[in-house]
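A short worksheet on the structure shown next.
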Amino acid sequence: MKTLLIAYASFTGGTRQMAEAAAEGAREEGGVAVRLLPAPQATPEDLLAADGFVFATPEMLGSMAGLMKDLFDRCYYPLLERLQGRPYAALVCAGSDGQGAARQLERIATGWRLKAVAPPFIACVHAQTPDAIQAPKQLASADLDACRELGAALAAGLALGVF
Ligand SMILES: Cc1cc2nc3c(=O)[nH]c(=O)nc-3n(C[C@H](O)[C@H](O)[C@H](O)COP(=O)(O)O)c2cc1C
């Protein structure tokens with residue numbers, strides 16, 4: 001059975017909800033093993049053992065979160081030229097923008113020659129004041145539905161071997 005690895009970082013819960021929704025969609029679709037891992041726990045071996053990926057990160061200071069960047073810092077060269085063609089989706093949780101983090105994820109995935117199954121999906125939580133940014137997040141159900149659908153699409157494609 002193929003494996004879908006969902007790696008995420010989250011501080012106030014928004015990205016975690018996106019990653020969990022993607023995992024739920026993939027599990028409901030069935031036909032693949034789904035691993036949901038906080039980015040600091042994911043190793044090069046975990047990535048190498050996976051057939052497809054979801055990378056889910058908050059945008060922070062115009063970039064992906066440091067915890068997610070750390071995953072790529074640790075894994076990029078050990079896995080260079082070993083993941084070609086594997087499918088992935090990028091999820092970004094943002095207070096107001098998200099484009100910077102999405103671009104970074106795309107560039108790294110391009111370096112690994114991964115295949116995007118969809119454009120990066122950005123959920124905006126509309127948090128711009130210090131209080132709003134530090135508050136726990138509850139994502140809109142439409143955003144969670146989109147993440148669920150992406151997870152299901154990745155699972156279906158992996159199970160059918162269409163990627
Ligand atoms: C230090 C810091 C920097 C941030 N910078 C950005 C930013 O550059 N662009 C943006 O859209 N949101 C920014 N945000 C808002 C977060 O993306 C938002 O709070 C999001 O919900 C964080 O994801 P999480 O709930 O999974 O922790 C920032 C938040 C923090 C704490």
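The values are calculated or read from the model by the stated rules, or taken from the named source; none is laboratory data. Just so it is clear, the structure is predicted and the values come from calculations on it, not from any experiment. Every residue, glycine among them, receives a Cβ derived from its backbone with ideal geometry; neighbour counts consider all protein chains shown.
For the stretch 103-143, what are the residues that are touching a Pro at 6+ places or on another chain (Cβ under 9 Å), farther than 15 Å from residue 65 by Cβ and without any contact (Cβ under 8 Å) to a residue 40 or more places away in the chain? Matches in the stretch 103-143: 106, 116. Of everything in the stretch 53-72 that is in a helix (DSSP H, G or I) and among the charged types (D, E, K, R), the residue that is nearest to the ligand (Cβ to nearest atom) is 69. Among the conditions (1) surrounded by fewer than 19 Cβ atoms within 10 Å (Cβ to Cβ); (2) closer than 22 Å to residue 61 by Cβ, residue 160 misses just one, which is (2).
Taking residue 15, is it within 16 Å of the ligand (Cβ to nearest atom), under 16 Å from the mean Cα position of the chain (by Cα), closer than 19 Å to residue 111 by Cβ and hydroxyl-bearing (Ser, Thr, Tyr)? Can you show your working first?
Working: within 16 Å of the ligand (Cβ to nearest atom): yes; under 16 Å from the mean Cα position of the chain (by Cα): yes; closer than 19 Å to residue 111 by Cβ: no; hydroxyl-bearing (Ser, Thr, Tyr): yes.
The answer is no for residue 15.
Per the listing 131, 145, the residue uniquely within 16 Å of the ligand (Cβ to nearest atom) and in a helix (DSSP H, G or I) is 131. Cβ separations smaller than 9 Å between residues 6+ apart or across chains give the following pairs from the stretch 84-102 residues that are buried (at least 16 other Cβ atoms within 10 Å of the Cβ) and modelled with pLDDT of 95 or more to residues that are assigned to a loop (DSSP other than H, G, I, E, B) and charged (D, E, K, R): 86/51; 86/113; 87/51; 93/137.
Which ones in the stretch 129-140 are loosely packed, with under 10 Cβ neighbours inside 10 Å and either closer than 15 Å to residue 15 by Cβ or in contact with a Ser or Thr (Cβ under 9 Å, 6 or more places away or on another chain) (or both)? Outline the logic, then answer.
So in the stretch 129-140, the residues loosely packed, with under 10 Cβ neighbours inside 10 Å come out as 129-131, 136.
Across the stretch 129-140, the qualifying residue is only 136.
Across the stretch 23-40, what is the number of residues that are within 16 Å of the ligand (Cβ to nearest atom) and out of contact with any Phe, Trp or Tyr (no Cβ under 7 Å at 6 or more places or on another chain)? Write out each step before concluding.
Residues of the stretch 23-40 within 16 Å of the ligand (Cβ to nearest atom): 23, 36-40.
Of the ones still in play, those that are also out of contact with any Phe, Trp or Tyr (no Cβ under 7 Å at 6 or more places or on another chain) are 23, 36-37, 40.
So the answer is 4.
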